1. In Å³ and rounded to a whole number, note down the convex hull volume per residue for the Cα atoms of the range 12-78.
2. Between Ala26 and His41, what is the spin-label point distance in nm, taking each point 7 Å from the Cα along the Cα→C-beta axis?
3. So how tilted is helix 12-22 from the main axis of the chain? Cα-based, degrees 0 to 90, rounded to 10.
4. Can you pull out the GluC sites (Glu not before Pro) in the chain that DSSP calls coil and that have at most 10 other Cβ atoms within 10 Å?
5. Can you find, among Leu33, His66, Met21, the residue sitting farthest towards the positive end of the charge dipole of the chain, where Lys and Arg contribute +1 and Asp and Glu -1 at Cβ?
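Please treat every number below as a calculation from the coordinates, not as lab data. Because the structure is predicted, anything quoted here is derived from the model rather than measured. Cβ atoms come from the backbone with ideal geometry, glycine included; neighbour counts cover every protein chain shown.
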Amino acid sequence: MHDGCSGAFESGKQIVDKIRMMGFNATPLAAPLEIDCSNCHTNFQMEMMESQCPDCGMVYAVTPCHSHSSEFAKAAGVNY
C-alpha cells in the first residue's frame, strides 16, 4: 500500500487508514495547510494529519512525509 515516503497511495481512504493505523491521525501539522474542499468548496485550515471540512464533513488526510504541502492532502469521503 505504501512505499516509504513515495506517496504511492491510490486514494484518500488509504491515507486515512494508514495514519489511523500508525496513530498519526490526531498529530498536529507543523504548519496548517489551506484546503479548498473538493465537496463543498469551503476553504479551511487543516491543522491535524486527519481533518474534516467544518461545513460538509469531508475527511482529509496527509502522511507525515508529505505534511508540508496541501497538494498531498487527499479527500477520503464525507464522515469517513
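1. Spread over its residues, the Cα hull of the range 12-78 gives 67 Å³ apiece.
2. 3.6
3. For helix 12-22, the angle is close to 60 degrees.
4. Sites meeting the loop and neighbour criteria: Glu10.
5. The residue sitting most towards the positive pole is Met21.
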